[in-house]
Every structure is written in C-alpha cells, then in structure tokens.
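A quick write-up on the structure given underneath.
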Amino acid sequence: MQKQKTFRSKAFLDFIRAKRCQVCGKPPPSHAHHEPFKRGFMGGKAPDTFTIAMCWRCHRRRHDVGFGFWMDKTPHEIIAKNMLEYMGKILLLEADLETLDVLTEVIRQND
C-alpha cells in the first residue's frame with residue numbers, strides 16, 4: 001500500500017505567517033504552528049492546512065503546556081476559519097470584475 005502524501009503549500013503557510021497571532025493578537029509575522037489533526041498522531045507533521053498563526057511566545061507555550069492556555073476557541077475552529085478565509089481569497093482572485101462588484105455591494109450593504 002502506498003503512503004498517502006501530506007498536503008504542503010508554501011502559499012498557505014505564507015498566508016498564515018502574515019496573520020496576527022491567533023492566541024494573543026501580537027502583530028505579524030507569526031509562526032505557522034502545525035496542530036495535530038487527529039488524536040495520537042505521531043511520526044509526521046500535520047498537513048499545512050492544519051496550521052495556526054502564533055507568535056514565538058505562544059508557539060513555545062503551545063508546545064510546552066498544550067492548548068489549555070487559550071481555550072476561548074478550539075484549535076480546529078481556528079484552523080477551519082483560516083482555511084475558509086484562504087479559500088475565499090483564492091476564489092476572489094479567480095472571480096471576474098462583475099462578481100467583485102456584486103460582492104463589494106453586498107459587503108457595503110451589510111456594514
């Protein structure tokens with residue numbers, strides 16, 4: 001049986017590193033912390049999509065203490081938000097100008 005390849009994306013990691021720390025809010029650049037994507041995961045790094053932006057202090061604490069120090073959101077909630085935000089950016093890049101105009105109008109109406 002062939003080993004499944006783990007998803008890697010420099011563009012996605014750059015997107016994460018450009019975000020504020022998603023634990024304490026410190027401005028970028030951030031580390032892209034790979035969060036284990038299943039219980040008991042060992043022997044490899046999680047896919048790049050399972051990353052959270054963390055300043056070096058929070059990143060160190062995550063490895064030393066675990067995620068109990070920032071329980072206002074679960075790591076998987078943050079990961080899902082990051083993936084949706086990134087996918088939205090890609091979709092916007094591929095959208096035509098008419099679609100962008102419609103989206104801009106919808107956003108203005110909802111502000």
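The table below gives the values:
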| item | result |
| --- | --- |
| Charge sum, other residues only, whose C-beta stays under 13 Å from G25's C-beta, Lys/Arg counted +1 and Asp/Glu -1 | +4 |
| FRET E, pair A80, W56, Förster distance 25 Å, beta-carbon r, rounded to 0.05 | 0.55 |
| Amide proton proximity set for T51, modelled H, under 5 Å, gap of 5+ | E35 |
| Computed E for K10/D72 - FRET, C-beta separation, R0 35 angstrom, nearest 0.05 | 0.75 |
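Throughout, read-outs are computed from the coordinates displayed, never taken from laboratory work. Owing to the predicted nature of the structure, the values given are computational and were not obtained by experimental measurement. Neighbour counts run over all protein chains shown; Cβ positions are idealised from the backbone, glycine included.
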